[in-house]
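Worksheet: one structure, shown below.
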Amino acid sequence: VQLQASGGGLVRAGGSLRLSCAASGRTFSSYGMGWFRQAPGKEREFVGAISGSGNSIYYVDSVKGRFTISRDNARNTMYLQMNSLKPEDTAVYYCAAGTRASATIHISGYPYWGQGTQVTVSS
């Protein structure tokens with residue numbers, strides 16, 4: 001599976017961004033996908049995950065109510081809509097693909113990774 005993340009940028013606190021992750025190489029709906037982020041000096045952390053069908057979705061508590069993960073299986077693309085952004089959301093955001101149709105919050109469940117896209121939120 002090859003993944004290409006895009007959509008990052010610089011935004012003021014309270015603003016919005018939408019990240020995209022385009023996938024190729026396997027039947028897109030057959031695997032769950034996730035978003036992770038890594039801030040400078042910190043470990044990579046889970047943000048959200050979605051099952052292959054899109055019916056199961058999970059979020060880390062800190063983004064619930066602000067971020068929305070979705071996927072378009074016809075376009076082989078996953079999205080992360082980020083609203084009400086905060087400076088603490090600043091990080092490199094990575095998309096990842098699993099090997100099973102179910103979604104998982106565990107980083108160990110994702111063998112395939114995109115290159116990351118920088119999100120910077122200014123105060």
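When you go through 104, 117, 68, 27 one by one, which is the residue that is more than 12 Å from the chain's Cα centre (by Cα) and surrounded by 14 or more Cβ atoms within 10 Å (Cβ to Cβ)?
Of 104, 117, 68, 27, the one residue that is more than 12 Å from the chain's Cα centre (by Cα) and surrounded by 14 or more Cβ atoms within 10 Å (Cβ to Cβ) is 104.
Go through the range 1-51 and tell me which strands (runs of 3 or more DSSP E), entirely inside it, have 3 or more residues that are under 19 Å from residue 97 (Cβ atoms) and at pLDDT 95 or above.
Fully inside the range 1-51 and qualifying: 2-6, 17-24, 33-38, 45-50.
Mind counting the residues in the range 52-65 that are open to solvent by less than 80 Å² (accessible area, probe 1.4 Å) and part of a strand (DSSP E or B)?
Of the residues in that region, 2 qualify.
Residues that are within 17 Å of residue 1 (Cβ to Cβ), open to solvent by 30 Å² or more (accessible area, probe 1.4 Å) and either aliphatic (A, V, I, L, M) or part of a loop (DSSP other than H, G, I, E, B) (or both): does the range 80-98 have at least one?
No, because not a single residue in the range 80-98 is within 17 Å of residue 1 (Cβ to Cβ), open to solvent by 30 Å² or more (accessible area, probe 1.4 Å) and either aliphatic (A, V, I, L, M) or part of a loop (DSSP other than H, G, I, E, B) (or both).
Given (1) without any contact (Cβ under 8 Å) to a residue 12 or more places away in the chain; (2) of a type in the set (Ser, Thr, Tyr); (3) closer than 19 Å to residue 115 by Cβ, where does residue 27 come up short, assuming only one miss?
So the condition that residue 27 fails would be (3).
This table checks each residue for (1) closer than 18 Å to residue 42 by Cβ; (2) free of Cβ contacts under 8 Å to residues at least 40 places away in the same chain; (3) touching a strand residue (DSSP E or B) at 6+ places or on another chain (Cβ under 8 Å).
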| residue | (1), (2), (3) |
| --- | --- |
| 62 | yes, yes, no |
| 76 | no, no, yes |
| 92 | yes, no, yes |
| 103 | no, no, yes |
| 107 | yes, no, yes |
| 113 | yes, no, yes |
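The values are calculated or read from the model by the stated rules, or taken from the named source; none is laboratory data. Keep in mind that this is a model prediction, so the values were computed, not measured. Methodologically, a virtual Cβ is constructed for each residue, glycine included, from the backbone with ideal geometry; neighbour enumeration extends over all protein chains shown. These accessible areas exclude ligands, DNA and RNA; they are computed on the full protein's heavy atoms, side chains included. Shrake-Rupley method; radii C 1.70, N 1.55, O 1.52, S 1.80 Å.
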